[in-house]
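Enquirer: One structure follows; several queries about it will come next.
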Amino acid sequence: MTRREALKLGTGLAAGTAFGPFVSTPARAQTFNWQRFRGTELFLILTRHPWVDEMVTHIPEFESLSGMKVKYEMLPEIQGRQKLTVELTAGTGGVDAFHSAMHVEKRRFWKAGWYQPLNQFLEDKTLTAPDFDWNDFVPGAKQAATQPDGSISAIPTMVDFFALFYRKDLFQQRGLKPPQTLAEMEDIAEKLNKPPDMYGILSRGLKNANAVSLACILYAMGGKYQTADGKSALNTPEWVKAMDYYASLLRRFSPPGVVNFNWYECSSAFMQGNVAMYFDGANFANQFEDKEKSKIAGKVGYAVLPGGPGGRVVPTFTNAMAVTAHSKHKEAAYLFIQWTTSKPNALRELLAGVGVGRASTWNLPEVKAKPRMPADWYTTYAESLKIARPGLPEIADVTQYRDIIGVAIQKAIEGAKADSLMPTAHKEFQEMLDKTEK
């Protein structure tokens with residue numbers, strides 16, 4: 001497949017895209033006022049993420065465009081989420097906007113009243129630039145940002161998904177192909193596992209962080225989080241199989257101390273050239289191709305996750321920029337998050353190797369001419385979104401769910417059997433649902 005053909009697949013993301021009230025016209029473009037809130041100072045809380053890393057480099061451009069000043073604090077994911085929760089609970093209005101993990105915070109923040117609904121802002125021609133085009137975001141991204149009552153809580157920045165990264169040089173040396181099934185992945189991991197110089201496979205082992213990685217195996221095994229009536233579904237054979245498979249994979253073929261690995265540690269080990277396969281968020285891959293940081297730049301292959309008895313399903317996770325409901329500068333903050341998610345900035349992100357939630361961006365001439373990532377990254381992105389499913393249960397307390405199952409995963413990696421762990425996890429998850437999902 002040629003690079004041009006690979007990028008052409010990206011146009012499939014545009015399926016379902018409609019043209020709505022925010023499509024640009026020359027007359028409207030000339031009248032939009034970016035200087036409306038000149039002199040306003042905004043404060044953001046951001047968590048470290050490839051999209052955020054790229055976005056903040058362009059903030060001086062927004063300050064020049066708008067006449068506003070933007071200050072921010074950027075923290076690691078867990079610490080950043082904790083601080084954001086403290087600030088929003090206090091309700092002082094000191095935080096104007098934040099980068100929200102909708103797969104974690106969507107229902108909880110909505111129920112707490114922390115999101116400023118953006119519907120009216122999007123419909124206001126004096127607040128929304130004529131070329132913004134809300135309908136350009138892929139359907140899954142818009143769905144992730146929209147609450148059960150129809151309120152839009154944030155503007156999507158990207159739709160991430162889990163993919164398989166593999167050392168294509170090692171695969172070629174052994175005559176191996178990317179695994180299509182879980183059984184094949186385990187077999188390849190065993191073949192390439194030569195510690196301490198090379199480990200067969202790696203994924204997250206740290207409590208809470210490991211819950212999202214387990215979804216890759218859970219879906220392939222045919223498991224689900226809740227029954228049709230909203231009850232816990234953790235007491236099923238599929239869950240036991242998924243837990244045992246995942247734990248066994250990491251226990252036998254991953255570096256020592258994997259129970260304490262978040263994506264930072266996983267990515268670092270992979271970039272050092274000590275791991276043959278690694279599955280995690282596709283948007284972390286841009287660092288693998290950075291020759292100044294990665295020893296494996298140019299040696300990484302990208303593939304859709306392997307399937308199992310439950311089929312081939314890819315977990316997805318949507319991030320978005322949100323305005324806080326307590327902000328004293330709601331409209332000014334909206335102007336900022338609108339700018340960060342604009343078409344020009346989406347193009348910048350994609351050229352930097354960060355997947356975006358806008359459909360049109362994937363087929364722009366600039367992307368075709370200057371692809372930041374290898375062709376198989378683009379094809380994997382396009383193909384994965386066709387078989388995507390939300391990677392976590394859409395409930396109010398996703399963090400507590402992640403802690404519950406995360407503890408079980410760690411114990412399983414350390415040697416405990418899943419059938420002895422799942423009854424407790426199932427009971428704790430159901431008790432949580434009884435308290436939080438009323």
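Enquirer: What's the number of the condition M271 fails, among (1) surrounded by fewer than 22 Cβ atoms within 10 Å (Cβ to Cβ); (2) at pLDDT below 95; (3) in contact with a helix residue (DSSP H, G or I) (Cβ under 7 Å, 6 or more places away or on another chain); (4) of a type outside the set (G, A, S)?
Expert: (2)
Enquirer: I'd like the full set of residues that are surrounded by fewer than 20 Cβ atoms within 10 Å (Cβ to Cβ) and among the hydroxyl-bearing types (S, T, Y), limited to the range 244-268.
Expert: S248, Y264, S268
Enquirer: Those residues that are small (G, A, S), in a helix (DSSP H, G or I) and over 20 Å from D376 (Cβ atoms), I need them from the range 260-312; list them, please. Walk me through it before giving the result.
Expert: Of the range 260-312, the ones small (G, A, S) are 267-269, 273, 276, 281-282, 285, 294, 297-298, 301, 303, 307-308, 310-311.
Going one step further and asking which of them are in a helix (DSSP H, G or I), we end up with 267-269, 282, 285.
S268, A269, listed by residue number.
Enquirer: Give me the helices (runs of 4 or more DSSP H) completely within the range 337-438, filtered to those with at least 3 residues that are under 17 Å from the mean Cα position of the chain (by Cα) and modelled with pLDDT under 90, ordered by residue number. Break it down stepwise before answering.
Expert: Values: elements: 343-351, 365-369, 375-386, 398-413, 418-436.
Helices (runs of 4 or more DSSP H) meeting the threshold: 375-386.
Enquirer: Something else about it: Taking the stated definitions as given, is F132 farther than 21 Å from H99 by Cβ, aromatic (F, W, Y) and at pLDDT 95 or above? I'd like the intermediate steps shown before the answer.
Expert: Working: farther than 21 Å from H99 by Cβ: no; aromatic (F, W, Y): yes; at pLDDT 95 or above: yes.
So F132 does not fit the description; no.
Enquirer: Checking the condition of a type in the set (D, E), over 20 Å from F121 (Cα atoms), out of contact with any helix residue (DSSP H, G or I) (no Cβ under 9 Å at 6 or more places or on another chain) and open to solvent by less than 70 Å² (accessible area, probe 1.4 Å), which residue from E54, E63, E73 passes? Let's see the steps before the verdict.
Expert: Details: E54 fails: out of contact with any helix residue (DSSP H, G or I) (no Cβ under 9 Å at 6 or more places or on another chain); E73 fails: out of contact with any helix residue (DSSP H, G or I) (no Cβ under 9 Å at 6 or more places or on another chain).
After applying the criteria, what remains is E63.
Enquirer: What number of residues within the range 313-340 satisfy the criterion of being open to solvent by 10 Å² or more (accessible area, probe 1.4 Å) and touching a strand residue (DSSP E or B) at 6+ places or on another chain (Cβ under 8 Å)?
Expert: Residues flagged as open to solvent by 10 Å² or more (accessible area, probe 1.4 Å) and touching a strand residue (DSSP E or B) at 6+ places or on another chain (Cβ under 8 Å) within the range 313-340 amount to 8.
Enquirer: Given the criterion open to solvent by less than 20 Å² (accessible area, probe 1.4 Å) and aliphatic (A, V, I, L, M), identify the matching residue among V407, V398.
Expert: Numbers: V407 fails: open to solvent by less than 20 Å² (accessible area, probe 1.4 Å).
None of the other options fit; the residue is V398.
Enquirer: Further question: Please work out which residue is nearest to the chain's Cα centre (by Cα), limiting yourself to the range 162-191 and to residues that are among the basic types (K, R), open to solvent by 70 Å² or more (accessible area, probe 1.4 Å) and more than 18 Å from P255 (Cβ to Cβ). Please lay out each step first, then the result.
Expert: Within the range 162-191, the first condition is being among the basic types (K, R), and the residues that meet it are 167-168, 174, 177, 191.
If we keep only those that are open to solvent by 70 Å² or more (accessible area, probe 1.4 Å) too, we end up with 174, 177, 191.
Filter again for more than 18 Å from P255 (Cβ to Cβ), leaving 174, 177.
Working: R174: 32, K177: 26 Å.
So, considering only residues that are among the basic types (K, R), open to solvent by 70 Å² or more (accessible area, probe 1.4 Å) and more than 18 Å from P255 (Cβ to Cβ), the one nearest to the chain's Cα centre (by Cα) is K177.
Enquirer: Filter the range 113-149 for residues that are surrounded by 15 or more Cβ atoms within 10 Å (Cβ to Cβ) and among the acidic types (D, E) and give the result.
Expert: Passing the criteria: D131, D133, D136.
Enquirer: Restricting attention to the range 151-161, does a residue exist that is surrounded by fewer than 22 Cβ atoms within 10 Å (Cβ to Cβ) and in a helix (DSSP H, G or I)? Before you say what the answer is, go through the steps one by one.
Expert: Within the range 151-161, the first condition is being surrounded by fewer than 22 Cβ atoms within 10 Å (Cβ to Cβ), and the residues that meet it are 151-152.
If we keep only those that are in a helix (DSSP H, G or I) as well, we get none.
Checking the range 151-161: not a single residue is surrounded by fewer than 22 Cβ atoms within 10 Å (Cβ to Cβ) and in a helix (DSSP H, G or I).
Enquirer: Further question on the same structure: I'd like to check something: does the range 192-210 contain any residue that is of a type in the set (D, E) and open to solvent by less than 10 Å² (accessible area, probe 1.4 Å)? Show your work before the answer.
Expert: Taking the range 192-210 and keeping what is of a type in the set (D, E), we get 197.
If we keep only those that are open to solvent by less than 10 Å² (accessible area, probe 1.4 Å) too, we end up with none.
Within the range 192-210 (the criterion being of a type in the set (D, E) and open to solvent by less than 10 Å² (accessible area, probe 1.4 Å)), the answer is no, since none of the residues qualifies.
Enquirer: What's the total number of residues in the range 370-384 that are under 18 Å from V138 (Cα atoms) and among the small types (G, A, S)?
Expert: First, pick out the residues of the range 370-384 that are under 18 Å from V138 (Cα atoms): 378-384.
Now drop any that are not among the small types (G, A, S), which leaves 382, 384.
The total comes to 2.
Enquirer: Restricting the search to the range 213-236, which residues are open to solvent by 10 Å² or more (accessible area, probe 1.4 Å) and either hydrophobic (A, V, I, L, M, F, W, C) or assigned to a loop (DSSP other than H, G, I, E, B) (or both)?
Expert: Selection gives M221, G222, K224, Y225, T227, A228, D229, G230, K231, N235, T236.
The values are calculated or read from the model by the stated rules, or taken from the named source; none is laboratory data. Fair warning: this is a prediction, and the values are worked out from it, not measured in the lab. All Cβ positions, even for glycine, are placed from backbone atoms using ideal geometry, and neighbour counts span all protein chains on display. Keep in mind that these areas ignore ligands, DNA and RNA; they rest on the heavy atoms of the full protein, side chains included. Shrake-Rupley method; radii C 1.70, N 1.55, O 1.52, S 1.80 Å.
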